[in-house]
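Reading through the structure tokens given below for one structure.
Any read-out appearing in this document is the output of simple, stated calculations on the displayed coordinates, not a laboratory observation. Given the structure is predicted, the values throughout are model-derived calculations rather than measurements. Neighbour counts are summed over all protein chains in view; Cβ atoms, including those assigned to glycine, are modelled from backbone coordinates with ideal geometry.
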Amino acid sequence: MSKVVAPKNIAASLTELWSPRVVAELDDSYVKVAKVQGNLAWHSHDDEDELFYVLKGSLRIEMEAETIDLAEGQFYVVPRGVRHNPVAERECLIMLIERKSTRHTGDKLTDKTRSIEDQLRKV
């Protein structure tokens, strides 16, 4: 059964940066929220697109061919295979929609990488 979710409130309650939490499932995808600041890591997802939606603040998505600046209420889909690095100059709340197979930092393993088990932890 579905439940009402307030993604902005959940993201605001998080204490760890760059540690997404799953808040819903949609077919073969997860809906996640995160609190972010600074940069994550240059990485790519060979087989999955990744949607970034800004709940509060602003987010820059650096890519090799272009840079996208997102304001509150905007989203962007990073196409599969595109190397990208999300950056937030100030604290930013985001929502992500990704396939369940999407690894947090794709092809790159860093100290910020979170397993799906970490992302499925209760908020």
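In the chain, helical runs assigned H by DSSP with n ≥ 4 each contribute -39500 (n - 2.57); averaged across all residues and rounded to the nearest 500, the mean residue ellipticity at 222 nm is -2000 deg cm²/dmol. With the simple spin-label model, which puts each label point 7 Å out from Cα in the Cβ direction, the Arg90 to Ala71 separation comes to 1.4 nm.
Assuming charge only on the beta carbon of Lys and Arg (+1) and of Asp and Glu (-1), the dipole of the chain about its Cα centre is about 580 debye to the nearest 20.
Under 5 Å between amide hydrogens, built in the peptide plane, is the criterion, and for Val23 it picks out Val31, Lys32, Val33 among residues at least 5 positions away or on other chains.
Applying 1/(1 + (r/R0)^6) with R0 = 30 Å to the Cβ-Cβ distance of Ala6 and Asp111 gives a FRET efficiency near 0.50. Quick one: how many lysine pairs does the chain have with C-alpha atoms less than 23 Å apart and a gap of 8 or more or different chains? Give me the count, please. Here the count comes out as 27.
Largest first, the extents of the alpha carbon coordinates of the stretch 54-123 on the three principal axes equal 30, 28, 22 Å.
Using only Cα atoms, what is the ratio of the radius of gyration of the chain to 2.2 N^0.38 Å? Don't jump to the answer; show the numbers that get you there.
Details: Rg = 13.2 Å, N = 123, 2.2 N^0.38 = 13.7 Å.
Against the compact-globule rule of thumb, the ratio is 0.96.
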